[in-house]
Number of protein chains: 2
Amino acid sequence: MTALRTRRSAERTHAKGGAPIPQLPARRVENPYPPMALLSPDQVEAIHLASLHILENLGMEVMNRRALALFERAGADVDHSAMTVRLDRGLVAEALKTAPAAYTLSSRNPARQMAIGGNVINFTLVAGPPNVHDRERGRRAGNMRDYRELVSLAQHFNCIHMLGNQVCAPIELAANTRHLDTYLANLTLTDKPFHVSAIGRGRALDGINMMAIARGLSLEEVAADPGVGTIISVNSPRRFDEMMLEGLMAMAEYGQSVCITPFTLMGAMSPVTLAGALAQQNAEALCGIVLTQLVRPGCPVMYGAFTSNVDMRSGAPAFGTPENTKANIASGQMARRYNLPYRTTPGSASNAADAQGTYETLMALWGAVLGHGNLVYHAAGWQEGGLTASFEKFIIDVEMVQHIMEFLRPIVVDDGELALDALAGVPTGGHFFGEPHTLERYATAFYQPLLSNWQNYEAWTEAGAMDATQRATGVWKKALADYVQPPMDEGVREELEAYVARRRQEIGADEP
Amino acid sequence: MTALRTRRSAERTHAKGGAPIPQLPARRVENPYPPMALLSPDQVEAIHLASLHILENLGMEVMNRRALALFERAGADVDHSAMTVRLDRGLVAEALKTAPAAYTLSSRNPARQMAIGGNVINFTLVAGPPNVHDRERGRRAGNMRDYRELVSLAQHFNCIHMLGNQVCAPIELAANTRHLDTYLANLTLTDKPFHVSAIGRGRALDGINMMAIARGLSLEEVAADPGVGTIISVNSPRRFDEMMLEGLMAMAEYGQSVCITPFTLMGAMSPVTLAGALAQQNAEALCGIVLTQLVRPGCPVMYGAFTSNVDMRSGAPAFGTPENTKANIASGQMARRYNLPYRTTPGSASNAADAQGTYETLMALWGAVLGHGNLVYHAAGWQEGGLTASFEKFIIDVEMVQHIMEFLRPIVVDDGELALDALAGVPTGGHFFGEPHTLERYATAFYQPLLSNWQNYEAWTEAGAMDATQRATGVWKKALADYVQPPMDEGVREELEAYVARRRQEIGADEP
């Protein structure tokens, strides 16, 4: 099968003319260096204690009767009329004991298994934008054609380890059943793990069921070897919504990966100070993490963080700021305080795939990497503060993620690498181009970019003087042309389609 | 004087209409976090030993009789006919003893004094490009009008601590005297320290003399309190040119700051491997550093590094690559091995002020910062691998440097910052906009960018849908309009002009 796919892929490339886009091979990315510490151990402890103060005294609004009951049974102080819970530090500590430090996520292709935790970094496609943009077709509302193209791009590029939840909202489809269409696209157009929607129990369960079908497993088997994840966004400050709680509990019940992510924009949904925002984030994350363990002890769960700031003149959200970059690192310190895997995000508020989009994203990406993020969510394609999935930005981001991957490869120092013989063979003022040491290594010595242009000015001008954003259009078009759909057993496909058809009928699709 | 300047500046701003461009105040930038270590201590030692092997066995070509004599007197093995020196480890260790770990550079404005060494980071304007570019006037050969504009921009922005040597070559002026014109522009249009040309003894001495005049000091006084620096580029592999050695020795003789910078493009001027390139770089840097101490023990000297790679398909130089980023960090480890201040560089090969120019520069800039660079040379305006000084790229780079400066400000965790009262005052799902805690802090809580646009898509479109590069044009034009020339005593100016006139006559200007 692999040989056939390879040949088919080669033929297709030949048919399209030109070599495939250079890219790094599929591999597990590890950060071999210690995480950066912006907070002292005392500061980590002060934030931890402040968050316990919040949990014990201010409490959380938990807008779900079943969740309130679970907290009450565990010994929390529950106010049913206000729907708030207060958690004491003993309860929190007890629940954290069962949260795993690391786990794996498996998709229908065993080679795609992801490790979550430790020093491993995984990168995901942007999730959730209502809009889509590329240079040729302009800005438009999310739709299924774009959805399919964007997940195909995520399949094509090895550095994207996982899909987020809905790379764009396909608004021409019924809102209450479009998750079935997007899950089916995820499972047939890619063989990578993906995130499901946790807006309600049904959407989560559909995703779990469909992943189980694709892998030929029972729900029990999938619970022991999870394949999907979800992001539980907190309605910060200190509120968990009804539907999100339903999704959280469904995912936990079936042993799938849950990531609790407070959205703490400093100055708006959290204090204007980083320490205050981190304390709030920590309290909110811990509350959700505790709930996963109350539902199912041992449930795989991540500490999610999304602390950035707003523009205080306008209230507009900002990403990739110095404050956001610091928060990405400091939040990793908090996650490790509890020995939990850590989810973080590089973002940008830019309206274009331009220099701003690039420096904001790369600032936050360095924060994510230095902070030892295990899941770098929205790693490719995020534009306009998450309101648009951009094709060109996707390519720029893939290039930056690959830069980081190569940066993280350790330096080797041995006799071959020290090259003293080559140094002796080249005269002063000479060059190394023709040296055997060079010729033996040059083909693989350096990272080969997919977007960067290193021509001189004259050659670049001759070739059209295209900037990186313009060139990115050609790259994603070529990637779509070269994309190879991963094979799927016909019986499995039919079973998935039957599931979707049955569920569509059960739900009773709304008008879009 | 300050009040007058402030008023004049305010009037000018008023005249130009609109508030000044937001920017960070002038300040010393310190990196409070430990440097990143990509090399283990054993690897650092292996590279150190390999470089000693190079110095002891392969030797260096030193194309200058006086330098050869200095090495010989110090006990080096000198081959006068081949003009090569071999330095044993004892000689190197002895010379390194007198090289200072830290020093200061002072300009005519005492407030601009720079600390070189320790955790302090300084950023300089791009140096040396033959060409200039901006979006309105296109690409053109370097000239004095652009020179004046670019150094005025460096004066205007506080994050630029120092000028490099010749932000562009003013080719309409005679080649053998244009250094006098550029030094005069540096000294009258700015009050920041600057780099002189070390192509020969005369250019270096002119810079030192003119800095002394501007500060009202004798050459002896300036030697005790240096005010100019220079970059000694090595003609890698293993060759120091005649003129560079003259410049090096003149600077050292007068106690000014010397930075020895091998230019080790892996695969071309050095081995294709990072360890080999670092060993070569280290040997070359040590050779030049030793010479400064033979000329004048205690001479302020920096360990310079510029290791990047070439495109192995074309031989074209590349910058801001993963390999370059690693080299920027590892080279800092080598500099600290000898307790020397460290010069590094963020670069890009992009032909435009675009996404590529941005990610390449920011990759290398993170390397420079994590590697604890003390002098980040070419920090703003570098384009086309250093062949062009770009006005728009200058603004993008200033924005990125400011992001880094803000990132490096430590997180404060205390009762005020933890904001537990504010957290108690905001209901669940509410917002913090109106909280006293927010109102007291919002004006200064977050970094305010000078280029980033955080409008929503509709407002941004309404305002012309300009990307960051387009907006950068407006920023540098506004900065030039707002630029205030620092005052200079009329007598000092006359003395400088007389010096230039006299030297021009002595040298006998060539045709340009």
So B:Ile231, is it surrounded by fewer than 20 Cβ atoms within 10 Å (Cβ to Cβ), in contact (Cβ under 8 Å) with a residue 40 or more places away in the chain and more than 17 Å from B:Tyr499 (Cα to Cα): no
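Could you please let me know if B:Glu72 is open to solvent by 20 Å² or more (accessible area, probe 1.4 Å) and under 31 Å from the mean Cα position of the chain (by Cα)?
No; evaluated as a whole, the condition is false for this residue.
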Okay, strands (runs of 3 or more DSSP E) sitting entirely in the range A:35-93 with 2 or more residues that are within 14 Å of chain B (Cβ to nearest Cβ) and in contact with a Leu (Cβ under 8 Å, 6 or more places away or on another chain), I get A:60-62, A:84-86
Residue hits (the range B:23-34; part of a loop (DSSP other than H, G, I, E, B) and either crowded, with 19+ Cβ neighbours inside 10 Å or of a type outside the set (Phe, Trp, Tyr) (or both)) are B:Gln23, B:Leu24, B:Pro25, B:Ala26, B:Arg27, B:Arg28, B:Asn31, B:Pro32, B:Pro34
Screening B:Gly304, B:Gly320, B:Gly357 for residues that are within 10 Å of chain A (Cβ to nearest Cβ) and in contact with a Lys or Arg (Cβ under 7 Å, 6 or more places away or on another chain) leaves only B:Gly357
Checked pairs for the range A:311-322, first over 18 Å from A:Leu365 (Cα atoms), second surrounded by fewer than 20 Cβ atoms within 10 Å (Cβ to Cβ), C-beta under 6 Å and 6 or more apart or across chains, list as A:Met312/B:Tyr442
The residue that is most open to solvent (accessible area, probe 1.4 Å), considering only those in the range B:396-444 that are more than 7 Å from chain A (Cβ to nearest Cβ) and among the β-branched types (Val, Ile, Thr), is B:Thr444
Cβ pairs under 7 Å, 6+ apart or interchain, first in the range B:186-210 and of a type in the set (Asp, Glu), second crowded, with 24+ Cβ neighbours inside 10 Å, ordered by first then second residue, are B:Asp191/B:Ser107; B:Asp206/B:His179; B:Asp206/B:Leu180; B:Asp206/B:Tyr183
- Among the residues of the range B:445-454, is there at least one that is in a helix (DSSP H, G or I) and either away from chain A (no Cβ under 14 Å) or under 28 Å from B:Asp397 (Cβ atoms) (or both)? yes
Scanning the range B:248-263 for residues that are closer than 19 Å to B:Met63 by Cβ and either polar (S, T, N, Q) or within 14 Å of chain A (Cβ to nearest Cβ) (or both) gives B:Thr261, B:Pro262, B:Phe263
Checked against (1) under 23 Å from A:Val222 (Cα atoms); (2) outside any loop (DSSP other than H, G, I, E, B), A:Asn165 satisfies every condition except (2)
Tell me whether the range A:363-377 contains one or more residues that are within 30 Å of B:Ser270 (Cβ to Cβ), free of Cβ contacts under 8 Å to residues at least 40 places away in the same chain, at the interface with chain B (Cβ under 10 Å from one of its Cβ atoms) and in a helix (DSSP H, G or I).
yes
All-but-one check, A:His156 against (1) without any contact (Cβ under 8 Å) to a residue 40 or more places away in the chain; (2) surrounded by 16 or more Cβ atoms within 10 Å (Cβ to Cβ); (3) out of contact with any strand residue (DSSP E or B) (no Cβ under 7 Å at 6 or more places or on another chain), failing number (1)
Of the residues in the range B:327-342, those that are in contact with a helix residue (DSSP H, G or I) (Cβ under 6 Å, 6 or more places away or on another chain) and charged (D, E, K, R) come to B:Arg337
Of the residues in the range B:487-506 that are without any contact (Cβ under 8 Å) to a residue 24 or more places away in the chain and assigned to a helix (DSSP H, G or I), the one that is farthest from B:Ile208 (Cα to Cα) is B:Glu490
Within the range B:267-284, the count of residues that are within 7 Å of another protein chain (Cβ to nearest Cβ), within 16 Å of B:Val234 (Cα to Cα) and in contact (Cβ under 8 Å) with a residue 24 or more places away in the chain comes to 5
Given the conditions (1) open to solvent by 10 Å² or more (accessible area, probe 1.4 Å); (2) touching a helix residue (DSSP H, G or I) at 6+ places or on another chain (Cβ under 6 Å), every one holds for A:Arg178 apart from (2)
Note: among B:Ser257, B:Ser236, just one is under 30 Å from B:Glu220 (Cβ atoms) and hydroxyl-bearing (Ser, Thr, Tyr), namely B:Ser257
Q | Any chance B:Val484 is more than 8 Å from chain A (Cβ to nearest Cβ), among the hydrophobic types (A, V, I, L, M, F, W, C), in a helix (DSSP H, G or I) and under 26 Å from B:Met162 (Cβ atoms) | A | no
Per the list (1) over 17 Å from A:Pro300 (Cβ atoms); (2) buried (at least 17 other Cβ atoms within 10 Å of the Cβ); (3) within 27 Å of the chain's Cα centre (by Cα), residue check on A:Ser107 breaks on (1)
Filter result for B:Ala465 (at pLDDT below 95, in a loop (DSSP other than H, G, I, E, B) and either of a type in the set (Asp, Glu) or over 27 Å from B:Pro110 (Cα atoms) (or both)):
no
Only one of (1) farther than 17 Å from B:Ile21 by Cβ; (2) within 11 Å of chain A (Cβ to nearest Cβ); (3) open to solvent by less than 30 Å² (accessible area, probe 1.4 Å); (4) out of contact with any Leu (no Cβ under 6 Å at 6 or more places or on another chain) does not apply to B:Tyr499, and that is (2)
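The values are calculated or read from the model by the stated rules, or taken from the named source; none is laboratory data. Every value quoted in this text rests on a predicted model; they were computed, and no experiment measured them. Positions of Cβ are generated from backbone atoms using ideal geometry, with glycine treated the same way; all protein chains shown enter the neighbour counts. Remember, those area values only see protein heavy atoms, side chains included, never the ligands or the DNA or RNA. Shrake-Rupley method; radii C 1.70, N 1.55, O 1.52, S 1.80 Å.
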